[in-house]
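The values are calculated or read from the model by the stated rules, or taken from the named source; none is laboratory data. Because the structure is a prediction, the values reported are computed rather than measured. Reconstructed Cβ throughout: ideal geometry from the backbone, glycine too, with neighbour counts over all protein chains shown. For the accessible areas, the whole protein counts, side chains as well, though only heavy atoms, and no ligand, DNA or RNA atoms are used. Shrake-Rupley method; radii C 1.70, N 1.55, O 1.52, S 1.80 Å.
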Amino acid sequence: MSNSNEFHKTHSSIFRCLDCDFKLHLLCGPLPSTIKHESHIHCLNLIDSCIEDTFGDYYCDICEEERNPRVRVYYCAECKYVAHVHCVLSEIIKVLKGDLRDVKLKTLGSDLFYNSADDQHTIQATSSLFTFREFIRKLPVNDLRILKGQFYWDDNDDDEEDMMSKREDAHDEIIVIEELIKYSTLAKHDFVEFIFKEFRSSYGKKKLKLKGSDLALKIVDVEGYSMPLNLISAMKDLFHKHGDMSTQSSYSKEFKSICFYLICKVVKELHTTLVTDITKHLLQQWYHYIHFVKDFTYFEVDFVWECLKKITGDFYYQQMNKLLCTDVPTILKKRIDELQKNISEYQRLCESSSTEQSMKEGLEEAMYSKWKLASQIGF
């Protein structure tokens, strides 16, 4: 997202709550759900992502420049007309500065989760408005010990961890041919079992990091549980569809809040991650979060578990397609180029008379001395 043209065109614009310093990027924040722009005859509706065709080329119909299909746009479904948010920014600002009483505003992801004004599940800001990090520090001693056994957190930049995960996924690509051979014999179900077994064996060997961006957020109270602000919608959705999943757990409300945080984080990422962007590292993180909650608190999260299995199966075929159509041909071509380069170097050496004579003398000396003692050579 941060590398996209859309981000750079709008990075200086944010929505901000002065009371708790909660910030939203313009592309994420509450924008008019519908606008009328002079560039198009019909009204344009705000949607979180738009893939109007399957050819893989996505453009804005106003500036005719390429766009990122992961970024929200204004869209006319009847005409398949797409506009960058920054290309209609003047109209957006005009609406936001006007009378908003009859204007419907939409925040990124608001269509993904259950959201009703007459929802019986109340949400209240805590009186102290302390952060999620401060909440964790105040956990009961035994709860904090369990959490520290599987997770770590500090004030380091989350970008460092993201870069590490990308390097890990890139490292996997070095052995893609070996993986292709290993995976090609597996059916979809067998692959899921195989990869889950691998995740299970790594569980507990390496601690997972709680993201600093989550820990820095203020928390709110949702039905007695404490939750970072960015996961309110996911928490409400879980309660609406599944009720309180922690009724079989005997842990404290505080520790259950941590578990709800982990499950809500997985649920939100499931709702906001395109299949094409899923990595093995991300699957493993989801697995470990769910496994931790099931293992320690007996939350009723089988529905998330089954969802993860299905996604892992789809990931298998995505990877197979990527390996067969992109990675393997690229790697083979690279190896062929390297072999051809080595052959050229060998031919150059062979054609050099001085190198040939030096090599010949060295080989003869090596044959003569190989049955001598090392001391006869070194001293």
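Please note which strands (runs of 3 or more DSSP E) are completely contained in segment 1-113 and include at least 3 residues that are surrounded by fewer than 18 Cβ atoms within 10 Å (Cβ to Cβ). It comes to 14-17, 22-25.
A single entry from 213, 226, 201 fulfils the requirement of being hydroxyl-bearing (Ser, Thr, Tyr), farther than 26 Å from residue 309 by Cβ and open to solvent by 50 Å² or more (accessible area, probe 1.4 Å): 213. Scanning segment 291-304 for residues that are touching a helix residue (DSSP H, G or I) at 6+ places or on another chain (Cβ under 6 Å) and assigned to a helix (DSSP H, G or I) yields 292, 293, 297, 304. Of the residues making up segment 256-299, those that are within 18 Å of residue 207 (Cα to Cα) and among the hydrophobic types (A, V, I, L, M, F, W, C) are 258, 259, 262, 263, 266, 282, 283, 286, 290, 292, 293, 296. Where residues in segment 277-309 are basic (Lys, Arg) and modelled with pLDDT under 90, which of them is nearest to residue 196 (Cα to Cα)? Among residues in segment 277-309 that are basic (Lys, Arg) and modelled with pLDDT under 90, the one nearest to residue 196 (Cα to Cα) is 280. Which of the numbered conditions does residue 316 fail, given that it passes all the others? Conditions: (1) open to solvent by less than 40 Å² (accessible area, probe 1.4 Å); (2) under 26 Å from residue 213 (Cα atoms). Every listed condition holds for residue 316 apart from (2). For first residues located in segment 280-308 and of a type in the set (Val, Ile, Thr), partners that are surrounded by fewer than 16 Cβ atoms within 10 Å (Cβ to Cβ) and lie 6+ apart or on another chain with Cβ distances below 9 Å form the pairs 290/305; 297/248; 297/250; 301/242. On inspection, residue 74 passes the criterion of being in contact with a Ser or Thr (Cβ under 9 Å, 6 or more places away or on another chain), of a type outside the set (A, V, I, L, M, F, W, C) and without any contact (Cβ under 8 Å) to a residue 40 or more places away in the chain.
Looking across segment 188-211, the residues that are in a helix (DSSP H, G or I) and free of Cβ contacts under 8 Å to residues at least 60 places away in the same chain come down to 190, 193, 194, 197, 198, 201. Which one is surrounded by the most Cβ atoms within 10 Å (Cβ to Cβ), of the residues in segment 253-279 that are over 16 Å from residue 292 (Cα atoms) and of a type in the set (Ser, Thr, Tyr)? The qualifying residue surrounded by the most Cβ atoms within 10 Å (Cβ to Cβ) is 279.
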